[in-house]
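Chemist: This is the structure, below, for whatever I ask next.
The values are calculated or read from the model by the stated rules, or taken from the named source; none is laboratory data. All values derive from a computational prediction rather than experimental measurement. Backbone-built Cβ (ideal geometry, glycine too); neighbour counts: all protein chains shown.
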């Protein structure tokens, strides 16, 4: 399992340590390192530029490539594919073992406050890993982890929070026609026995109506290159393929919807030609410096893993309730860029409010950054659970609003978003 540790620029001996991974399922945590909140940005000439909004300014960050088969993480088995068939439970086990092994190698960090963080399909990775950690801590067989909580952005959490929420987000942004949306509500949402053929047609109509917008950030420009990046970043391609695979669609409609959404089959996905990250990480001198297998061709997302599709439609709400009701004292923050349609804020609102906890203090408190409204915060009493929207941000909050994201991370570590 490959990881990349960058120490805190303040005081690495005492500052928190956080493990970050990206979503997919099957996308590399080095996407976060190189394009979101890591310390560097790659340039066209294969040099690096310092990221002034890097999260390791305030905490130790460990970027991991998970599950096995993603990025530089690989199996040495005679049949490597036997290690590349994963699901939520096996990924949680892999990540737990990675964290324990990391502290064996770097015991000086063992007493630091430990956090885990992610986005997108991290909405499955984070709660299941958190549950694994608290259960193992309770069993007291392995060394105790000083676990303080997790933060996850624009998470895939319930089935509704992904594809159905995308359609409602399009309507909320007034990107589809009212007659089409009204018929979708009547035939597919309110009907006791929805007609699959009619609903498939309506899904396709709405995806076609939004045209060539960036689904990751509806109000941001799209890449103009003739590549998958034109329709969004790699994580989105993987997540939407994963979710469509779990829907009961006809083969013809599956193909039509994939074309309308702009998806490329994961086996045929080719990174954008202007993706400097891919070029940089495949330089021989970089691989040597990272102590990775030089024969591996690094890709944003793994084409060799076969992740269990049914896990993507399994609600994580019971896991959140387990973690909250178990009184483990975890600081849990769900944050959501409100310009995203892939895991839209409307879908996240649907499940966070469904848990039924009592609001602590004022509901939907306005947040500001440098005098401008940056989002809205709600906390729930007796839970250490908070929900924060990030105004104008897309699916990957640190990529779209890096200054606000760093402010978010600092305040989260200080407990401002989770302590009632």
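Chemist: Just to be sure before I move on: is residue 101 surrounded by fewer than 16 Cβ atoms within 10 Å (Cβ to Cβ) and under 21 Å from residue 33 (Cβ atoms) in the structure I sent? Can you show your working first?
Modeler: On the way: surrounded by fewer than 16 Cβ atoms within 10 Å (Cβ to Cβ): yes; under 21 Å from residue 33 (Cβ atoms): yes.
It is true that residue 101 is surrounded by fewer than 16 Cβ atoms within 10 Å (Cβ to Cβ) and under 21 Å from residue 33 (Cβ atoms).
Chemist: Would you point out the residue of region 401-420, among those that are at pLDDT below 95 and farther than 22 Å from residue 219 by Cα, that is surrounded by the most Cβ atoms within 10 Å (Cβ to Cβ)? Quick ask: steps written out before the conclusion?
Modeler: Going through region 401-420, the residues at pLDDT below 95 turn out to be 401-402, 419-420.
Subsequent filtering for residues that are farther than 22 Å from residue 219 by Cα retains 419-420.
Values: 419: 11, 420: 14.
The selected residue is 420.
Chemist: Further, regarding this structure: Considering only residues that are assigned to a loop (DSSP other than H, G, I, E, B) and more than 26 Å from the chain's Cα centre (by Cα), look in region 173-223 and name the one that is nearest to residue 343 (Cα to Cα). Spell out how you get there, then give the answer.
Modeler: So in region 173-223, the residues assigned to a loop (DSSP other than H, G, I, E, B) come out as 173-177, 190-195, 210-223.
Then drop every residue that is not more than 26 Å from the chain's Cα centre (by Cα), which leaves 176-177, 190-195.
Working: 176: 18, 177: 21, 190: 22, 191: 24, 192: 26, 193: 26, 194: 23, 195: 25 Å.
Here the residue is 176.
Chemist: Taking into account only those residues within region 1-49 that are modelled with pLDDT under 95 and in a strand (DSSP E or B), which is surrounded by the fewest Cβ atoms within 10 Å (Cβ to Cβ)?
Modeler: Ranking the candidates gives 49 first.
Chemist: So, in region 355-389, exactly how many residues are without any contact (Cβ under 8 Å) to a residue 60 or more places away in the chain, surrounded by fewer than 24 Cβ atoms within 10 Å (Cβ to Cβ) and out of contact with any helix residue (DSSP H, G or I) (no Cβ under 7 Å at 6 or more places or on another chain)?
Modeler: Looking only at that region, the number is 23.
Chemist: Is it true that residue 181 is closer than 30 Å to residue 275 by Cα and modelled with pLDDT of 95 or more?
Modeler: Values: closer than 30 Å to residue 275 by Cα: no; modelled with pLDDT of 95 or more: yes.
No; evaluated as a whole, the condition is false for this residue.
Chemist: Output the number of the condition that residue 129 fails; it satisfies all remaining conditions of (1) assigned to a loop (DSSP other than H, G, I, E, B); (2) buried (at least 23 other Cβ atoms within 10 Å of the Cβ); (3) touching a helix residue (DSSP H, G or I) at 6+ places or on another chain (Cβ under 6 Å).
Modeler: Among (1) assigned to a loop (DSSP other than H, G, I, E, B); (2) buried (at least 23 other Cβ atoms within 10 Å of the Cβ); (3) touching a helix residue (DSSP H, G or I) at 6+ places or on another chain (Cβ under 6 Å), the lone unmet condition for residue 129 is (1).
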